[in-house]
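Questions regarding the structure given below will be posed in turn.
The values are calculated or read from the model by the stated rules, or taken from the named source; none is laboratory data. Bear in mind the structure is a predicted one, so any value in this text is a computation, not a measurement. For neighbour counting, all protein chains shown are included, and Cβ atoms are generated from backbone atoms with ideal geometry for every residue, glycine included.
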Amino acid sequence: MKNIKEKYPNSNIVAIDYDPSATKVNQENRIKLMLAIAKENLNK
């Protein structure tokens, strides 16, 4: 992810854990936050 962020500084990247210890709510919240930030950036 670091290399991508360096090459594309305006990229919106989030790490999402898909293992048994990660809750579904946590995964959904990370995705929702990523989408909200993407929408904000489109409006700028």
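Considering only residues of segment 1-37 that are in a helix (DSSP H, G or I) and under 9 Å from the mean Cα position of the chain (by Cα), which is surrounded by the fewest Cβ atoms within 10 Å (Cβ to Cβ)?
Applying the first criterion (in a helix (DSSP H, G or I)) to segment 1-37 yields 2-7, 24-37.
Then keep just the ones that are under 9 Å from the mean Cα position of the chain (by Cα); that gives 30-35, 37.
Values: Arg30: 15, Ile31: 12, Lys32: 10, Leu33: 12, Met34: 14, Leu35: 12, Ile37: 12.
The qualifying residue surrounded by the fewest Cβ atoms within 10 Å (Cβ to Cβ) is Lys32.
Is it true that Ala22 is modelled with pLDDT of 90 or more and of a type outside the set (Val, Ile, Thr)? Even if it seems obvious, please write down each step before you answer.
Details: modelled with pLDDT of 90 or more: no; of a type outside the set (Val, Ile, Thr): yes.
In short, no.
Let's see how each residue does on (1) aliphatic (A, V, I, L, M); (2) free of Cβ contacts under 8 Å to residues at least 12 places away in the same chain:
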position: Met1; (1), (2): yes, no
position: Tyr8; (1), (2): no, yes
position: Asp17; (1), (2): no, yes
position: Ser21; (1), (2): no, yes
position: Val25; (1), (2): yes, yes
position: Ile31; (1), (2): yes, no
position: Ala36; (1), (2): yes, yes
position: Asn41; (1), (2): no, no
position: Lys44; (1), (2): no, yes
